[in-house]
Amino acid sequence: MKSFVSRLLLAASFVASPAVFACTPVFWQPTGFSVGYSASGAEQNLPSNARGALYVDVRDGVPHAPSPDRFIVTDRTTAERLHTHVVGLKRPDRDGYYLVAPEGGFRSGHVYEIATSGSAQPGSTFAPSVRVAVGPPLSPIELADGLRNLTRRDSGGGQATVVVDVAYSGEAERYAPRLARHVTAPRMGDVDEIIGPCGPGPQLLLESPGGCHIVSARVDFPELTDDPVTVKGLACMGWFAIPLPAA
């Protein structure tokens, strides 16, 4: 019971954090460009070698492959209307996920608008259009160089808890809103992700861990590559994490 109250208090503090964008949870169909819970998510940064903006269509749990002519792609920098290229993600856990880009790819320094018909649904993490600002190319190695594990202590509910997350620097920081991360660690007491009314938080809670233990994070950037980047660290007493070389 005490453990449950502790997690509940931590979840409440996570939801109330000013770093978390407000949203109104509603039932909506997963259809549109993946923009997260931020209204500004419809304006995205992507590297010039990105394969496209992430588009999802899993209405009623069934993937619907979109036709390229369903989209209008405009290069706002040159005011050109462009042909569209659509490809599905080649991962079994990403059925119904697609990448939409101008034919021939993005150009560094340009801004694109990619749109479909329809209107945004209040509270949805998907939008019918997205604006993409394109930066220099980014390699998976450069992405990994800007990632590290982060741990800190939290005493919410009067119980010592270690919170594990991912910190970004360099080029990874520029694309942080597009990175999906999943943090793991050996089971030390109860392990829980924070769940708020707007979905899961990025952190992992380790209750009363002792000594040092390895924590790891899998970071996905599907717009860039099918392969996730994994970073590991040796976390000691919740105060720091020493980076470990990639496996």
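The values are calculated or read from the model by the stated rules, or taken from the named source; none is laboratory data. Keep in mind the model is a prediction, meaning the values are calculated, not measured. Cβ placement follows ideal geometry from the backbone for every residue including glycine, while neighbour counts extend to all protein chains displayed.
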Would you check if there is a residue in segment 195-214 being surrounded by fewer than 20 Cβ atoms within 10 Å (Cβ to Cβ), modelled with pLDDT of 60 or more and touching a His at 6+ places or on another chain (Cβ under 8 Å)? no
So how many residues does segment 41-73 have that are in a strand (DSSP E or B) and among the charged types (D, E, K, R)? 2
Looking at Val100 and the list (1) surrounded by fewer than 19 Cβ atoms within 10 Å (Cβ to Cβ); (2) within 18 Å of Asp226 (Cα to Cα); (3) among the β-branched types (Val, Ile, Thr), which single condition is not satisfied? (1)
